[in-house]
Each structure stands twice: as structure tokens, then as C-alpha cells.
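Could you have a look at this structure, given as C-alpha cells, before my questions?
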Amino acid sequence: MGDDDYMHEEYNDRPRYRPVAEIGPGELVDALMTLAGFSENTFLVMQAHQLGMVDNLLNALEDEVMRNRADDDPPRDSMALLGALSHMWIYAAYELQRTWRQRCEEVIKLADSGGLDLKAAHLERDLGYQHYDRELRAEQLRTAQQRPELVAQMRTDLRRTEMGFTMLEFIRVALAKHEVSKKGSKKPPIAFAPGLARQNRYCGSMEYEMSNGGTIIDTITRRDIAETIRFIPEAEIPSDDALAGFRAYMNPPDVDPFARGRP
């Protein structure tokens, strides 16, 4: 075996995950707070802290199960709990990011059309009682109106986080809807073994297959999703070509095996 082959094999054998002890308990929340418009939304911040607390719990549980799964009496209850909580965490992580993205897209659309003032005025109407979230959204629209750089940062942050969010969305759709995530598809394909996962041997996190029909696109662990969120502050802006290639990769054409031989 040559030196290059040895180094390649050695590299592939290295765990790609940080030890749990090296993951700061506030890293995930701190990363989300860097997103444009996120820290100004009280309800998003509250949910981010909840997501972070469960992430810390899962990190410890994953590590515990990984260390004890080969015992004569493996921790079966903990293993079952790990699988259940991992699904719930994925749902929560998806909805939190989806909501933030939706808010940003709305602000950008209104800024482009010149409708920020009109929408803010609509939300500020007197309803006869205090509506906290309407007031908060109106305030955020006023802020975007006064700070065009905030809108520009939203565009950038949406682009920087698109790949990670799309991977998360793919898993969430398979788990929640038992379908393959397909953009523009009127009838999404049925997911292959939705919810089926195994424990990753390097970090103990639940690992899911990303499949479309008979093709396995990739595999991803819950820890991968969490680390992608923690990496947001360092994420680079992908080029147009990189995004186009990624979108095509994540949205392959449907393959109908029964269409073969048809005219």
C-alpha cells in the first residue's frame, strides 16, 4: 500500500464528529441569533432556546447510548427514547427555520414592491385588544423600511442557509408525510421506509437515508443537522452554479419503472 493510499484510508477512518464535551451548550442558539431578523423576534428566540436545550439533552443521550449499546444488557429504553426524541427535534428544527425563512421572504417581497409601509399600517390597526405578534411584526417591517441593509442581509442569510435547510426539509418530509420532498411535484413519490434510522457508530446520533425511489441520495444524522445550524456564522455564500447544482441534485426527475417500453 502506498503512502497516499494509507493516508486516504486513515482519513476515512477518522470520526468526523466532535466529542460531546467540545460542543458548547449555547452554540446552537448563538448561531441562530446571528441570522438577520431572528434576534428581534421574541418568539423565535424562545423557540431557539427550547431547541438548544433538547439538542444538549440529545447530545448526552446519544453519547450514553453509543458507549453502552454493546453491553450484555444494552439500554433499550434509552435507545427507544433517543429515536423518538430525534424525530421530534427534527420537526422542531425544521419549523423554526421555516418560520424564520418565511418571515424573511415576506419582508423581501414587500421591500421589493414598496409595500412595507402599507403592510405595517395594516398590522397596526386597532383590534380592540393588544395583539403582541401583530405589533412585533409591524415593528419589524418598520425596521426593515428604515434599514435597507437588514433586507440585504436577509437575502444573504437565506442563500447561505438554503443547502442545510433543504437537507433538513428532505428528512422532515419523509418522517412526517412519508413522501419524498419534490419541488413542484403534484404527487410526491412515496418515501422508502420513512422513519427508519440506525445509530451512527461515530457519534451515536440517529442516521437517516435520503432516498428517491431506488436511489439513495445521501445519509444524514441528527447531529449533522445540528452541526450545520451551529456552523451558520461561518457558512459561505454559495455561487449561482453551486446552488443550481445542489437544487438539481436534491430534486432528481421522477423515475417510473412501469413506463419502460411504452411508446
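Taking the Cβ of Ala92 as the centre, find all other residues whose Cβ is under 12 Å away and add up their charges (Lys, Arg: +1; Asp, Glu: -1).
That sum, taken over residues with Cβ under 12 Å, equals +1.
How would Lys182, Lys109 rank on accessible area, largest to smallest, probe 1.4 Å?
My answer, sorted largest first, is Lys109, Lys182.
I would also like to ask the following. Relative to the Cα centre, what is the charge dipole magnitude of the range 112-198, using +1 at the beta carbon of each Lys and Arg, -1 at the beta carbon of each Asp and Glu, and rounding to the nearest 20 debye?
Its charge dipole is roughly 600 debye.
A further question follows. Calculate the dipole size of the chain relative to its Cα centre from +1 charges on Lys and Arg beta carbons and -1 charges on Asp and Glu beta carbons; express the result in debye to the nearest 20.
Dipole about the Cα centre, nearest 20: 1320 debye.
Is there a quick way to get the dipole size of the range 49-144? I mean about its Cα centre, with the Cβ of Lys and Arg at +1 and of Asp and Glu at -1; what is the value in debye to the nearest 20?
Dipole size: approximately 500 debye.
Before I look further, what does the chain give for accessible area per residue, probe 1.4 Å, in whole square angstrom?
Per-residue accessible area for the chain comes out at 60 Å².
One quarter of the convex hull surface, Cα atoms only: what value does that give for the range 11-140 in nm²?
Average of the hull's projected areas for the range 11-140 equals 11.9 nm².
If you roll a 1.4 angstrom probe over the protein chains with everything in place, what fraction of the accessible area of the range 41-81 belongs to carbon and sulfur, to the nearest %?
53
Around Met53, under 14 Å between beta carbons, what's the net of Lys plus Arg minus Asp minus Glu among the other residues?
-3
How large is ³J(HN,Hα) for each residue in the range 214-226, as worked out from phi by the Karplus curve 6.51 cos²θ - 1.76 cosθ + 1.60 (θ = phi - 60°), to whole Hz, x for Gly and Pro?
x, 9, 8, 6, 5, 10, 8, 9, 4, 5, 4, 4, 5
Have a look at Phe165, Phe231, Tyr132 and report the one farthest towards the positive end of the charge dipole of the chain, computed about the Cα centre with Cβ charges (Lys/Arg +1, Asp/Glu -1).
Tyr132
Here is a further query. Which far-off residues, 5 or more places away or on another chain, put their amide H under 5 Å from the one on Thr221, with H placed in the peptide plane?
When sequence neighbours closer than 5 places are left aside, the close amide H contacts are Tyr208.
Take a quick pass over the chain and tell me how many lysine pairs come in under 22 angstrom between Cα atoms, counting only ones 8 or more apart or on separate chains.
4
With angles folded into 0 to 90 degrees, how steeply does helix 3-13 sit against the dominant principal axis of the chain? Use alpha carbons for both and round to 10.
70
Of the labelled options (i) 47; (ii) 34; (iii) 40, which one gives percent of Cα pairs over 28 Å apart as computed for this structure?
Read-out from the structure maps to (i).
Give, as a single signed number, the net charge of other residues whose beta carbon lies under 9 Å from the beta carbon of Pro75, with Lys and Arg counted +1 and Asp and Glu -1.
Taking every other residue near Pro75 into account, the sum is -2.
The values are calculated or read from the model by the stated rules, or taken from the named source; none is laboratory data. All values derive from a computational prediction rather than experimental measurement. With ideal geometry, Cβ positions are generated from the backbone for all residues, glycine too; neighbour counts draw on all protein chains shown. Accessible surface is based on the protein model in full, side chains and every heavy atom, while ligands, DNA and RNA are left aside. Shrake-Rupley method; radii C 1.70, N 1.55, O 1.52, S 1.80 Å.
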